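**Student:** The structure's right below; bear with me while I get my questions together.
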Amino acid sequence: MRSISTALVLALAAAPGLALAQDAGGEPAWSVEGGVTAFSDYVWRGVTQTDGDPALQAEATVSHASGFYAGAWASTVDFGDPDDGIDHEIDFYAGWAGALGEDAELDLSVTRVTYPGASEGYGMDYTEFAAGLSFAGYYSLGVAYSPDFLQLGGKGIYYSAGAEYPLGDSGFGLHLAAGWYDLDDAAGDSYGDWLVGLTRSFGPIDAELHYTDTVSYGPELDENLDEARKADGRLALQLSWKF
């Protein structure tokens, strides 16, 4: 599956027809972007998705000048259960993003999260609807809603806030993020997570070293979601190449 996700990126990047259609202003109406990212430990919403091991990800998005877009994202994962049959997560998404005034942008999307190869009884595919607002050049707010999170039989709602600041002329940047995952309906409890990261670009490679941790990750989540140890504080390195 890793080769499939990489092939998807390369195939979309090479698609010749996308660059030919132009809007009224002479600019290409369609565009393709994406990239490949390597993690020393893939942490999502405060919880490791690779049981502390490295991960490789690939993504490709096709966008139209109207703001509509669609794409696919793939990652290696490891939930620590040798019987689940799950080694990859592949997400398919579509949405619309556009400006709100001069200094804000709204992003609305729907994502289908899938885990190919899951053994019988380990199905976790689910759908998530999300809205994000970025503003003032540095800040972002978001909310994501799943009507049946991980097929646990209940909804999940994730609230998030973030900021990214340049640190003067040093070339470094500061990345801050925090979230609250309301999983009372799906898993019997809720928890918060936070991240502090240091970013810098090295030519075509964007690097981030970040520390993540969670709060209020209780026994109900340990039993119904992921083991509490997977939500412990951890340091991880992220390297990304984008086109």
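Derivation of every value follows stated rules applied to the coordinates shown; laboratory data play no part. Keep in mind that this is a model prediction, so the values were computed, not measured. Here the Cβ is made from the backbone with ideal geometry for all residues, glycine too, and neighbour counts use every protein chain on show.
**Student:** Can you give the longest run of the chain that contains no GluC sites (Glu not before Pro) sitting in a DSSP loop with at most 10 other Cβ atoms inside 10 Å?
**Tutor:** Values: sites that count: 102, 120.
Longest gap between qualifying sites, sites excluded: 121-243.
**Student:** Hey, another quick one. Given all pairs of different Cα atoms, what value in angstroms does the Kirkwood hydrodynamic radius of the range 75-193 take? Numbers along the way, then the final one.
**Tutor:** Values: mean 1/r = 0.0609 Å⁻¹.
Hydrodynamic radius (Kirkwood, Cα pairs) of the range 75-193 is 16.4 Å.
**Student:** Let me ask something additional. Working from Cα positions, state the angle (0 to 90°, nearest 10) between the long axis of helix 2-14 and the longest principal axis of the chain.
**Tutor:** Compared with the principal axis, the helix lies near 20 degrees.
**Student:** Rank by packing, highest mean first: peptides 142-154, 38-50, with packing defined as the count of other Cβ atoms within 10 Å averaged across residues. List each step's numbers first, then the result.
**Tutor:** Working: 142-154: 16.6, 38-50: 21.0.
The densest-packed peptide leads the list: 38-50, 142-154.
**Student:** Oh, and also: Let me spell out the model: positive unit charges on the Cβ of Lys and Arg, negative unit charges on the Cβ of Asp and Glu, origin at the Cα centre of the chain. What dipole size does that give, in debye rounded to 20? Walk me through the intermediate numbers first.
**Tutor:** On the way: 9 positive and 38 negative charges, 164 e Å.
For this selection, approximately 780 debye.
**Student:** Search the structure for amide H atoms under 5 Å from the amide H of residue 86, placed 1.01 Å from N in the peptide plane, and list their residues when 5 or more places away or on another chain.
**Tutor:** For residue 86, the qualifying residues are 119.
**Student:** I've got another one for you. Sum up the charges of everything whose Cβ sits under 14 Å from the Cβ of residue 197, counting Lys and Arg as +1 and Asp and Glu as -1, but leave residue 197 out. Spell out each step's value before the answer.
**Tutor:** Numbers: positive: 200, 234; negative: 41, 164, 193, 206, 208, 213.
Around residue 197, the surrounding residues sum to -4.
**Student:** Related question: Relative contact order for the chain: what percent, with Cα pairs under 8 Å and sequence separation of 6 or more? Mind dumping the intermediate values first?
**Tutor:** Working: 604 pairs, mean separation 33.8, N = 243.
This gives 14 percent for the chain.
**Student:** Considering all projection directions equally, how large on average is the shadow of the alpha-carbon convex hull of the chain, in square nanometres?
**Tutor:** Numbers: hull surface 56.8 nm².
Averaged projected hull area, Cα only: 14.2 nm².
**Student:** 222 nm [θ] for the chain, helices only, -39500 (n - 2.57) per DSSP H run of 4+, per residue, to 500?
**Tutor:** Roughly -2500 deg cm²/dmol at 222 nm, from the helical runs in the chain.
**Student:** Given 225, 163, 153, which one lies farthest toward the positive end of the charge dipole of the range 146-243, if we put +1 on the Cβ of every Lys and Arg and -1 on the Cβ of every Asp and Glu?
**Tutor:** 163
**Student:** Could I ask something else about it? Take residue 97, project a point 7 Å from its Cα along the Cβ direction, then tell me which residues of the range 204-221 have their backbone nitrogen under 18 Å from it.
**Tutor:** 206-207
**Student:** Continuing with this model, one more query. Amide H of residue 190 versus every other amide H placed in the peptide plane: which residues, excluding those fewer than 5 positions away on the same chain, fall under 5 Å?
**Tutor:** For residue 190, the qualifying residues are 183.
**Student:** Here's something else I'd like to know. Starting from the amide H of residue 44, placed 1.01 Å from N in the peptide plane, find each other amide H under 5 Å away whose residue is 5 or more places distant or on another chain.
**Tutor:** Placed amide hydrogens put 49 under 5 Å from residue 44.
**Student:** Once label points are set 7 Å from the Cα along Cα→Cβ at both residue 202 and residue 120, what is their separation, rounded to one decimal in nm?
**Tutor:** 4.9
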